[in-house]
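To keep things clear, I will list the structure first and then write my remarks on it.
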Amino acid sequence: MLIYNQQINDSAEKGGKVVNMLNKIKFSYKVADSQDNLFTPNHTKFKCKIKVNGVQWTFDYQCNTNYMYPTLKDCMECVLEDMMSYDNVHNVIDFCNEFGYADAQGLKAYKGCKKASKALHRLFTDSELDELWDEIEGD
């Protein structure tokens, strides 16, 4: 079983502004016990945990370990995109139309994005989420 802990310790300076939202997040992951519902047979499912100011959230993340392992930045980018996908639609019908779902998978994806949104809004303020997105997309 692989268990990994990561915290980015050095802050980067960009345009005179210290970028450090990722520094505030403690991140760890381990291979999930269940390897069902994988994107492809080459993917591995991980249980990832982020912790901010004593509040934590655990979520699934998949990647092809022939090429990469989970990183804080990659995981945060994925869950932020899920959050925005949920936050930018009015309901499950709009979500399914926006992302081309026409079956039960749409409802499952909608619920997953809703869960990410609720968790991230619990961990961060709106301003912090904006800063985090800017930091991730700025690299």
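No value in this document is a laboratory result; all are computed from the given coordinates. These figures come from a predicted structure and were not determined experimentally. FYI the Cβ positions are ideal-geometry reconstructions off the backbone, even for glycines, and counts take in every protein chain you see.
Summary of values
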| read-out | value |
| --- | --- |
| Qualifying residue in the range 113-133 (condition: free of Cβ contacts under 8 Å to residues at least 40 places away in the same chain, loosely packed, with under 14 Cβ neighbours inside 10 Å and more than 28 Å from Asn23 (Cβ to Cβ)) | no |
| Search result, residues across the range 50-68 that are under 24 Å from Asp33 (Cα atoms) and surrounded by fewer than 16 Cβ atoms within 10 Å (Cβ to Cβ) | Val55, Gln56, Thr58, Asp60, Asn64, Thr65, Asn66, Tyr67, Met68 |
